[in-house]
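The values are calculated or read from the model by the stated rules, or taken from the named source; none is laboratory data. This structure is a prediction, so every number in the text was calculated from the model and none was measured. Backbone-built Cβ (ideal geometry, glycine too); neighbour counts: all protein chains shown. Each accessible area value is taken on the protein alone, full model and side chains, heavy atoms only, with ligands, DNA and RNA left out. Shrake-Rupley method; radii C 1.70, N 1.55, O 1.52, S 1.80 Å.
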Amino acid sequence: MAKYAVRRALAAIPVVFGVTLVTFLLIHFTQGSFVPGLDFNPSLRPEDVARIRANLGLDRPWYVQYLDWTGIAFFFKNAGLAGILGGKVNTGLLEGDFGRSMIDGSPVLAHIGERLPNTLELTITAILLGVVISIPLGVTGALRRGSKLDHFFTALSVAGFAVPAFWLGLVLILLFSVSFHAWGLPWLPSSGVATPLTGGDLVDRVVHLLMPATVLSFVYLSIWSRYTRSSMLEVLSQDYVRTARAKGMAERRVTYLHALRNAVIPLATLIGLELPGLVGGGLVVEVVFGWPGIGRLAFERALQYDVTTVMGITTFAALLVIAGNLLADVLYAVLDPRIRYS
Amino acid sequence: MGTNPDGFDRFDDFLKEWSRRDFMRRMGSAAAFTAFMAGGMEFLAACANAGQGQPTAQVSPKEGGHLTEGNFSDVKQLSPYLISDTASAQVVGLMFDGLLGAKANGDLIPMLATEVPKAAADGLTYTFKLRKDLKWSDGRPLTSDDVLFTYQLHWDPKYKAVNSPRRGDITEFVDSISAPDPQTFVMKTKKVYAPTLIKFAQQAFGVVPKHVLGSVAPEAINTHDFNRAPTVSNGVFKFVKWDTGQQVVLARNDNYWGGKSHLDQYVIKVLPDQTTVANQLKTGEIDFGPIGEPFVDDVKAHADVVDVVTFDVAIFDFYAYQLDPSKPGGKLFADNKVRQALFYALNREQMVKSLYFNLATVATGPVPPVHTWAYNKDAKPKYSFDKKKAEDLLDAAGWKKGASGIREKDGVPFKFEVITNAGNKVREGIVQVFQQQWADIGVQCTPKPIQFTELVRQIQNIRTFDMFMVGFSWGQDPDQSDLWHSRNTAPGGFNGGMYKSPTVDKILDDAVSTLDQNKRKQLYFQLQDAINEEAPAPILTFRKGIFGVNKRVKGLTGGDRGLGTYTQFGNRPWMKDTFVADGK
């Protein structure tokens, strides 16, 4: 197993470089003369743009910028080969340096560190809510297939699929914030993680978390409950379930001990794949609810061509996808003894 | 683009409504729909409470509490020498004063200086006397050394490594800067230049502490902590903390030259979009914030919580013809009659009603009415909607209707594309009106919304468009060289339509090289007639600024130092007198 994990980790290196290269090229070739953090205006002269681009190192050929960012250029420099690339060379990814934002000059890792806890607060709550609700929902649906309850759950998950998160979010805001406020009822804050200045205690944070977490979990819930249901149905028709029943085992034991454990294996993959979603999956919800998370940071910085910040977050997300996949495979083996890696 | 009150020049909606928000706006439209459904009763309430932000009656100010401002543009950085966007300027303006500031109508007022200086007899030298006993928020004295250092960051060649976006501009006009004694700062221009004080002495050049940054190497200033946490300042508030994507918290600066603020704290909350700003105004989560046109009626329905304040701003929406004869579009629009004809064919009253919700006025020419002394409401021609005149002009220009209903000349059909930024609902609406109303006179115009950055590149550099449609925002000075002067047809300039007129160039140059306002006025009247007559880029509408202000906030609206045309962004002399009625 350990060998397998190491092999997978090694295989991930080219993937990370591939992802970063593609991201870099996408940003680079759509950027044009746009300078991160700089708004276009008439008093901004072409010579200002040229000067600031040069200060930021954006005037170098794209491969030099990329090699500099990755830290390969720094190796060159140490090997006395800096002359090949020319210009300023900094430490890069390989030296563990994610670079500095091109907009405010602060370290990208500091940005990630600042936003990550907010995103994790939102997504982990949503995923937990999703798991806790979707599994019983799926199991009930499978056990009472064709019943009114099953149809209701089906309709609910179709709705969860079909209703865009931003729309649901806006409707909730309209109802629980604006209308409740107008009606003189207790109302929920429409945006942010905490009340500025006066808030920030646990109750305040939970109150702020309620709507965004509900909206985000709604998406997970509708997908996962369907998976649990169909996978449960399949497992319930297996021979060993009939055997268990034939042995006179209690139905509850059959369902939850024998069937469910096998039924949740595909769900483990899904949840594992949701790991990078821990970081970026809540983007739309983060935007609608003004949640200062990492998805919103990436989105905003991408539109401002803050190359280093976007590259940093992308790399971070790529590492999480790889880790998530690996974790899902390991979980597989834990959940299903038939699966062995060598 | 344009020059905002403090000289923070900006391409109007490039900032206010560019692509990020455009994406949000599409989401916002869903909210507008649901808000409409929920609004049956609220509409009646709105009719009953049609009053708008009345000037505050004289009441004795309440001390304490905080004010929360909401904005849908994120703050980028907090150092006066690096910023170029309005969201950052708003926060920076509360912490850093320049030598001068402005009243709501744009008149200059002294801030760190004791008075607004007059140019010396040579017309070039401006001597600023600093107020006595100026102090930084940390108690250290603020002297002309700090002022000199601030201007060096922008002007002195040894600070070229600092990413100041104002270096090119100030080095073009300013010849020397000096501080002969601790209370005096002298700026000398290279030639007589009327907008000198407006452009180079206001908050765009907010004074920064030399005792913090003076010893920092130029290239290290771009990444200095001061850019995110400016711990020493001279304005009405000082920095407390910045939670990115959430809020910036400021506290009262007890060392402020103008006296202590009534407010203990000031919070600038970063919100995702216009919808949220409107919603939080309604719930009172924010006290103060800008309102997008589509949300105005909705916010007015909550008149028990929030007042809606509107005022004219120096922003217009316009479209520009391609006039470069080497481009296909340039051939279509070379004839003045054609340019006029298309403008006559547009029903702008209707646009104002249906696209701007009546929160704009039909433009009379290139100078907006807020440039009071330079504005000529009778600039000619007037271009009232006149379809017949449009058709006659096109006939006279030799564009005859062909069998397909599209006009032709020498076998060339009258077809072209108009570009604008995708997702901006007002602009997308306007170019659709172009398409319909020009089709009525046999001209085929195809709207082509493109990405914001691509649009900028088209206007400033590539310039292969037939026509573009955007907004432009101006500063306090009526100089419009940015848009009309032939030197700004150079790559990177904003005269993207390549309009070149020796007459207009001369008017513009003469108007900035005299300090005599009467002479300037006559020249700008000439400019308005010339631009109207030649119609290189017809001005469609003059825009309005719209803000929501919570009922509990006092001392913010009304009076020439209140919230208005030139005091809505970074320059906010009213902040000192603002208080919250409940003291919370």
Would you mind finding the one in B:ASP509, B:ASP482 that is crowded, with 18+ Cβ neighbours inside 10 Å, under 23 Å from the mean Cα position of the chain (by Cα) and not hydroxyl-bearing (Ser, Thr, Tyr)?
B:ASP482
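Check B:ARG427, B:ARG487 and return the single one that is within 14 Å of another protein chain (Cβ to nearest Cβ) and either in a helix (DSSP H, G or I) or β-branched (Val, Ile, Thr) (or both).
Values: B:ARG427 fails: within 14 Å of another protein chain (Cβ to nearest Cβ).
Testing whether each residue is within 14 Å of another protein chain (Cβ to nearest Cβ) and either in a helix (DSSP H, G or I) or β-branched (Val, Ile, Thr) (or both) leaves just B:ARG487.
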Quick check on the stretch B:132-141. Is at least one of its residues in the same structural domain as B:ASN222 (by TED's automatic domain parsing), surrounded by fewer than 21 Cβ atoms within 10 Å (Cβ to Cβ), touching a residue at least 60 places away in the same chain (Cβ under 8 Å) and not in a loop (DSSP other than H, G, I, E, B)?
yes
Can you tell me which residues in the stretch B:476-493 are in contact with a Leu (Cβ under 9 Å, 6 or more places away or on another chain) and among the small types (Gly, Ala, Ser)?
B:SER481, B:GLY492
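Go through A:LEU122, A:LEU128, A:LEU109 for me and flag whichever is within 14 Å of chain B (Cβ to nearest Cβ) and under 16 Å from the mean Cα position of the chain (by Cα). Let's see the steps before the verdict.
Details: A:LEU128 fails: within 14 Å of chain B (Cβ to nearest Cβ); A:LEU109 fails: under 16 Å from the mean Cα position of the chain (by Cα).
The match here is A:LEU122.
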Among the residues of the stretch A:163-180, the number that are open to solvent by less than 50 Å² (accessible area, probe 1.4 Å) and facing chain B (nearest Cβ under 7 Å) is 7
Tell me which residues, restricted to the stretch B:390-420, are under 39 Å from the mean Cα position of the chain (by Cα) and hydroxyl-bearing (Ser, Thr, Tyr).
B:THR420
Could you count how many residues in the stretch B:284-327 are within 14 Å of chain A (Cβ to nearest Cβ), surrounded by 22 or more Cβ atoms within 10 Å (Cβ to Cβ) and of a type in the set (Val, Ile, Thr)?
4
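Name every residue in the stretch B:142-183 that is charged (D, E, K, R) and not in a strand (DSSP E or B), in order of residue number.
Answer for the stretch B:142-183, where residues must be charged (D, E, K, R) and not in a strand (DSSP E or B): B:ASP145, B:ASP146, B:ASP156, B:LYS158, B:LYS160, B:ARG166, B:ARG167, B:ASP169, B:GLU172.
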Can you find a residue that is in a helix (DSSP H, G or I) and out of contact with any Cys (no Cβ under 9 Å at 6 or more places or on another chain) anywhere in the stretch A:37-46?
yes
One residue from A:PHE98, A:PHE76, A:PHE29 being buried (at least 21 other Cβ atoms within 10 Å of the Cβ) and among the aromatic types (Phe, Trp, Tyr):
A:PHE98
If we keep only residues of the stretch B:523-546 that are of a type outside the set (D, E, K, R) and at pLDDT below 95, then the residue surrounded by the most Cβ atoms within 10 Å (Cβ to Cβ) is B:GLY545
Give the residues of the stretch B:194-251 that are polar (S, T, N, Q) and either closer than 25 Å to B:ASP264 by Cα or within 12 Å of chain A (Cβ to nearest Cβ) (or both), sorted by residue number.
B:GLN203, B:ASN222, B:THR223, B:ASN227, B:THR231, B:SER233, B:ASN234, B:THR244, B:GLN246, B:GLN247
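Please find, among B:VAL147, B:VAL186, the residue that is surrounded by fewer than 22 Cβ atoms within 10 Å (Cβ to Cβ) and assigned by TED's automatic domain parsing to the domain that holds B:ASP97. So that I can check it myself, show each step before the final result.
Numbers: B:VAL147 fails: surrounded by fewer than 22 Cβ atoms within 10 Å (Cβ to Cβ).
Being surrounded by fewer than 22 Cβ atoms within 10 Å (Cβ to Cβ) and assigned by TED's automatic domain parsing to the domain that holds B:ASP97 holds for just one of B:VAL147, B:VAL186, which is B:VAL186.
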Please specify each residue of the stretch B:425-462 satisfying the condition of being within 30 Å of B:ALA204 (Cα to Cα) and open to solvent by less than 30 Å² (accessible area, probe 1.4 Å).
B:VAL426, B:ARG427, B:PHE452, B:THR453, B:LEU455, B:VAL456, B:GLN458, B:ILE459, B:GLN460
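Scan B:ALA390, B:ALA422, B:ALA396, B:ALA403 and give me the residue that is in contact (Cβ under 8 Å) with a residue 60 or more places away in the chain and of a type in the set (A, V, I, L, M, F, W, C).
Just a single option satisfies the conditions, and that option is B:ALA422.
Within the stretch B:425-461, how many residues are free of Cβ contacts under 8 Å to residues at least 24 places away in the same chain and either under 24 Å from B:ARG543 (Cα atoms) or in the same structural domain as B:ASP273 (by TED's automatic domain parsing) (or both)? Don't jump to the end; show me each part of the working.
First, pick out the residues of the stretch B:425-461 that are free of Cβ contacts under 8 Å to residues at least 24 places away in the same chain: B:428, B:432, B:435-436, B:439, B:454, B:457.
Within this subset, residues satisfying the condition of being either under 24 Å from B:ARG543 (Cα atoms) or in the same structural domain as B:ASP273 (by TED's automatic domain parsing) (or both) are B:428, B:432, B:435-436.
Number of matching residues: 4.
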Name the pairs: first residue in the stretch B:357-376 and under 30 Å from B:ASP298 (Cβ atoms) and touching a residue at least 12 places away in the same chain (Cβ under 8 Å), second residue of a type in the set (Gly, Ala, Ser) and surrounded by 20 or more Cβ atoms within 10 Å (Cβ to Cβ), Cβ to Cβ under 7 Å, at least 6 apart or on different chains?
B:PRO368/B:ALA314; B:VAL370/B:ALA314
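Here is a list: A:LEU283, A:LEU297. Which entry is open to solvent by less than 10 Å² (accessible area, probe 1.4 Å), within 14 Å of chain B (Cβ to nearest Cβ) and under 13 Å from the mean Cα position of the chain (by Cα)? Lay out the reasoning, then the answer.
On the way: A:LEU283 fails: open to solvent by less than 10 Å² (accessible area, probe 1.4 Å).
After applying the criteria, what remains is A:LEU297.
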